[in-house]
Every structure is written in structure tokens, then in C-alpha cells.
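Let me begin by presenting the structure, written as C-alpha cells, before commenting on it.
The values are calculated or read from the model by the stated rules, or taken from the named source; none is laboratory data. Nothing here was measured: the structure is a model prediction, and the numbers come from that model. Cβ placement follows ideal geometry from the backbone for every residue including glycine, while neighbour counts extend to all protein chains displayed. To get the accessible areas, we keep the full protein, side chains included, count just its heavy atoms, and leave off ligands, DNA and RNA. Shrake-Rupley method; radii C 1.70, N 1.55, O 1.52, S 1.80 Å.
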Amino acid sequence: MNVSAESGEYKETESPLRRLVACGTLPPTIQKALLGNCGIVCTSFPNAEPKDQVMATSLQFVELHGLRFIGLGALVDELTPHERVYDTLEQLTTRTERMISVGYLIDIPPIMAENRFMEIGQIKVAETVPLDVWNMRHPNNLSVTLAEIVEHTKNKRYKVLLEKFAGDLGVQMARPNRGNNKYLAGITAHNLGVVSILAGRPDDAITYFRKAIHLKTVAFGENNPEVALSCDELGIQLFAKSDFEGAIACFKEALAVRNRLHDMSRRPQQAMVLNYMACCHFELGNHDKALSLLQEADELQQMAIGSSAQADLDLLHVAIVICNCGYLMLALKDYENALSLLEEALLIQQSVLGDQHRAVRDTLSNLEFANAFHL
């Protein structure tokens, strides 16, 4: 595989946690928490060996996701960076499940603390599952508090969510050494950032994402996917404000964290970060650089298809990268390749979004433009 200097080296290895699950070296209860049949919020591990008794609890939480991709739109209807970002909200809010994950904050034994995504001595890991996948595996199996958060999100009660998360964050930061507050504070700050986006408060969102990055770094260590997730969101908000250099810096950090994990299952996230960086370079007029990054993202996505539980959302990610490649081909007047890419993307978009969605209309518009100039 060709690897650019921007993205670093990719290795064909699994995450240490998944490897231990596959090998059967985790106790049965923690395997259930990660893979299914888990019906409680906090659980003990009676079958664990004495050395594993540090795995005392696994704590259920909700994690919200904001603008997880940037589309360039239709060539004949040029968008501002802010519009490129916030037009994607429609793609998220048509299916609220795409915005919500259910996670477990899990205690692990010190021997596993050598995993690449942890600092020395760290014994916490957060694992998340998309809400729609969770509901299929565990119907009606959310705690009352988490179920309320999901309902408020679905019904767009953003003021209620802001008040709740702000209250939670205040308690977690005031008593960081109590329970799991130290670890939950960064996740709560991230959720506040997402809800601020949905409530139309982008400046507040930037503040919360910066706080989330700091709190997560302190709690989990800098080489943790939770840190990368908040770097993604901060970078997208900076992109929307036309701070492309600041956005690229955030995306580079997010990509570096994921590259250091050497985890094949994170290829879709790596690909999307490359897409974000490509959009920044496009706005800066570096079209060749943008196209190179998008092609690298497409390679990663092709290798990652079917590797995660987020099949629906992953397909949208694949489509947006292909659409952006097609858009750039149009800008570079390579109409033949643009047609091929846009036709491929259209099939994917229609399978997930239907025929009337804004993203589908933009792709049809770009196809019409390409056909008009294609000889």
C-alpha cells in the first residue's frame, strides 16, 4: 500500500483489546459487555482470576457524535465552508441513531495497560457501539438516565440536554477522584459540544471540544481514540470558520493518534480524517494535494468495508469521499473520471438516503454538469 507522509504508516494488526477477546483471555462477563448479552450498567466479574479483580465495574454511558463528514456539495451551487459543514446536519438528523453511541467505561488489569492507546498506569478503556446496533443486540436495555438522553436527542430538546450535561460536567470536574468522574468529564464536555452544534451555538461548541480534548488527555492519555474523536469535531468547527490551517493541525493530531493505535478497525475514521484534510486543502486552493488525500482515503475505505458495526454510516462516509473525489475531478476538468466516480457514489447514496435527499440532489447536479462537458 502507498502511504503518504501526511498519514504515516499503517500496519495489519488488531487492537490489543480485540485480540484478547478473540483469544478468550478476558473474563466472560467483560466479553459480554463488549460483544453482547449485557443487561446491566455496573457488573462484577465473579469468574475472574484474582489478578483480574481490578476489573471491578463496567459503566454504561452515551456518547454523541456531531459533524462526522464534510461534503463539497454541487459545483454549480458553490457553498461557503460554513455551509459545507452545516448542510451535513441534515444527513445526521434524518436518523438520530447515527448521532448516538452507547459505550462502556471498563476497568482492565494493569498487565493490559501496555496497550498503545494508554499512558503507563492507565487502566481504563472506553468501547462504544452505535445506538442502532445496540438496540438490535439489546432491545430496551438502556439505563433510565441514558434512555432519557436518547429521547431528548431524538426530540431535539437541546436546551434540556445542555442543562443536564452542564450539571453533570460541573459535578464531575468538582469531584474528579470520585468514581469514574475523571474519565466521564471529557466525554460529557464532548457531548456538550455536539449539543451546542445542534442548538446553533458554534462558538460554545469550540469551547467545549477544546475542554474535552484537555480532560480526555488528562484522564486517558494523549494516545487515545477518545482524544482523536474530539480533535475531529474541533477541526470541523474551525473549518466552518475558515480557519483551515487550525483545522489541519487538529486533523493531523487526530490522524496521528489513530495511526499509533495500529488498529485495522479504525480505518474508516482514518479515512474520514483524510477527507477533512482534503477539504481544507481544497479551500486553500491546493487541489492536487486534496485529490491525493481523497484517493488515499478511498483506498483505506475499500480495505475497511464491512469491518465495523456502523454499516449504514460507513456507507455514507464511503459515498462522501467518492463524491468529493468526483467534485475535484470536475474542478480539474477530468470529466470522464468524474462521471465514473459520481455514478458510483449516487448508487450508494440512494441505497441509504433515498432519492429526495439533498446529498443525492447535489450528486445528480454534478453528474449533469459532467455530462454537459464530457465528450
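Quick notes on this structure:
- Heavy-atom accessible area ranking, 1.4 Å probe, most first, across Glu368, Glu299: Glu368, Glu299
- Measuring only protein heavy atoms, the 1.4 Å probe finds Met272 accessible over about 10 Å².
- Given their separation in residues at 0.36 nm each and the Cα-Cα distance between them, Asp334 and His152 gain 60.9 nm when the chain is fully extended.
- Shown are Phe69, Phe373, whose ranking by accessible area with a 1.4 Å probe and every protein chain present, most to least, is Phe373, Phe69.
- When the pairs Lys211/Lys252; Lys154/Lys216; Lys156/Lys216 are compared against a 23 Å limit on Cα-Cα distance, Lys154/Lys216; Lys156/Lys216 fall above it.
- The stretch 225-302 shape via C-alpha gyration tensor axes, a/c threshold 1.5: oblate
- Separation between Cα centres of the stretch 336-375 and the stretch 256-292, rounded to whole Å: 22 Å
- Other residues with beta-carbon under 12 Å from the beta-carbon of Glu148 carry, at +1 per Lys or Arg and -1 per Asp or Glu, a net charge of +2.
- Computed from the C-beta positions of Asp77 and Ala174, the FRET efficiency with R₀ = 56 Å rounds to 0.70.
- Between the alpha-carbon centres of the stretch 216-230 and the stretch 137-189 there is a gap of 18 Å.
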